[in-house]
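Working notes, beginning with the structure itself.
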Amino acid sequence: MNCETMLEISRRPSGVEGAKILKNDFFCKKNHFSKFLRPLEDFPYFIQALWRKDISKPSFKRTFKKKSAKSRNFARQMLIIKTKCLKNMSQKIVAGNWKMNKTAPEALLLAKEMAQQTLPSDVTVILATPALYLQNIRQVLGDKKGLYAAAQNCHHESRGAFTGEISAEMIQSVDVQYVIIGHSERREYFKENNAMIAKKVDLLLAKEMKPIFCCGEALPIREKGKHVKYVSNQIKEGLFHLGHADIKKVIIAYEPIWAIGTGLTATPEQAQDMHLELRKVIRKKYGNEIADNIRILYGGSCNASNAKTLFAQPDIDGGLIGGASLKAADFCTIINSF
Ligand code: PEP
């Protein structure tokens with residue numbers, strides 16, 4: 001289903017949101033919709049509430065329960081369509097995490113190959129390369145629109161006696177804006193915790209840089225059914241000290257650890273469920289506008305064959321790609337999977 005052909009979402013200059021059905025066969029024909037834009041206020045309350053995702057209110061829960069299964073299903077479909085429409089209108093992101101791979105000549109060759117591609121205008125492509133090559137890679141990418149370099153980490157202190165480390169300011173000084181933080185490999189092998197990652201977020205935002213904040217659960221946590229709570233807590237401890245203006249600048253990457261580099265991808269349903277849950281947590285703290293617009297990427301054995309089904313999920317805004325970002329052809333297939 002191409003939702004763009006089904007429904008046109010509009011925001012009038014007055015700020016009134018409305019919907020116009022462009023193709024009618026999917027919807028109940030008798031009520032609620034017409035070929036013309038109707039303000040949201042004309043819709044039954046329970047549809048308005050779903051539209052605004054105001055669904056935690058007890059009054060909504062009561063109304064929703066009383067509706068027929070057909071109406072409830074209709075309302076749910078409408079919400080999915082709305083989310084997909086908003087997603088179609090928004091910028092998607094595909095970030096490649098090269099990790100500790102490639103010599104300098106190999107890295108520059110891959111960056112050149114990527115710089116020569118015609119990239120879709122609605123996808124931001126990010127190459128998180130080894131820090132050693134960032135300055136040269138930044139030059140290779142030049143001012144190509146939609147293609148950016150990223151660091152894979154920065155230290156949680158701003159400067160000083162931390163041998164071997166790289167600061168946010170150093171990354172910024174070579175004109176690189178994006179930085180991955182809190183990757184599960186850093187959390188596991190370098191014992192990074194949520195408090196350290198929260199400090200990194202602050203350092204990056206203070207420099208007007210863009211954190212790609214990773215979160216995700218290990219297999220035993222998922223097996224115990226505690227994954228939503230665990231990952232929500234990573235987000236709360238890592239990000240919830242931010243105000244409304246700053247949280248908007250963060251990109252979240254949900255990466256179940258059991259899927260990273262294992263070839264075991266989360267099913268599209270598992271990934272979608274988790275993204276929806278994370279949006280709920282963000283919604284509760286920051287409201288609808290921020291929850292609907294914050295970018296949440298999926299990572300974990302995402303590749304050229306499974307990207308399309310993962311990216312088709314309404315709450316998945318793109319991917320953080322490890323192994324499959326090391327070959328230009330595979331990475332480009334992923335970039336073109338929306
Ligand atoms: C990653 O390390 O961020 C990642 C998603 O790796 P892979 O795609 O190889 O699972």
Ranked from fewest to most other Cβ atoms within 10 Å of their own Cβ, Cys332, Cys154 fall in the order Cys332, Cys154
Rounded if a/c is under 1.5, else prolate if a/b beats b/c, else oblate: with a ≥ b ≥ c from the C-alpha gyration tensor eigenvalues square-rooted, which is region 282-327?
prolate
Taking the number of other C-beta atoms within 10 Å as the exposure measure, put Arg72, Arg222 in order starting with the fewest.
Arg72, Arg222
Do any of Lys66/Lys280; Lys144/Lys284; Lys224/Lys248; Lys102/Lys200 go past 29 Å between their Cα atoms, and which?
Lys144/Lys284; Lys224/Lys248
Take the cross-link list Lys145/Lys191; Lys207/Lys327; Lys145/Lys226; Lys65/Lys226 and give me the ones stretching past 29 Å between alpha-carbons.
Lys145/Lys191; Lys207/Lys327; Lys145/Lys226
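Between Glu113 and Ile290, what length comes free when the chain is fully extended (0.36 nm per residue of separation minus the Cα-Cα distance, one decimal in nm)?
60.2 nm
Among Met78, Met274, what is the fewest-to-most ranking by other Cβ atoms within 10 Å? Could you put the intermediate results ahead of the total?
On the way: Met78 21, Met274 25.
Placing the least packed residue first, the sequence is Met78, Met274.
Read-outs throughout are calculated quantities, based only on the coordinates presented, and are distinct from any laboratory measurement. Quick caveat: nothing in here was measured; it's all calculated off a predicted structure. Neighbour counts run over all protein chains shown; Cβ positions are idealised from the backbone, glycine included.
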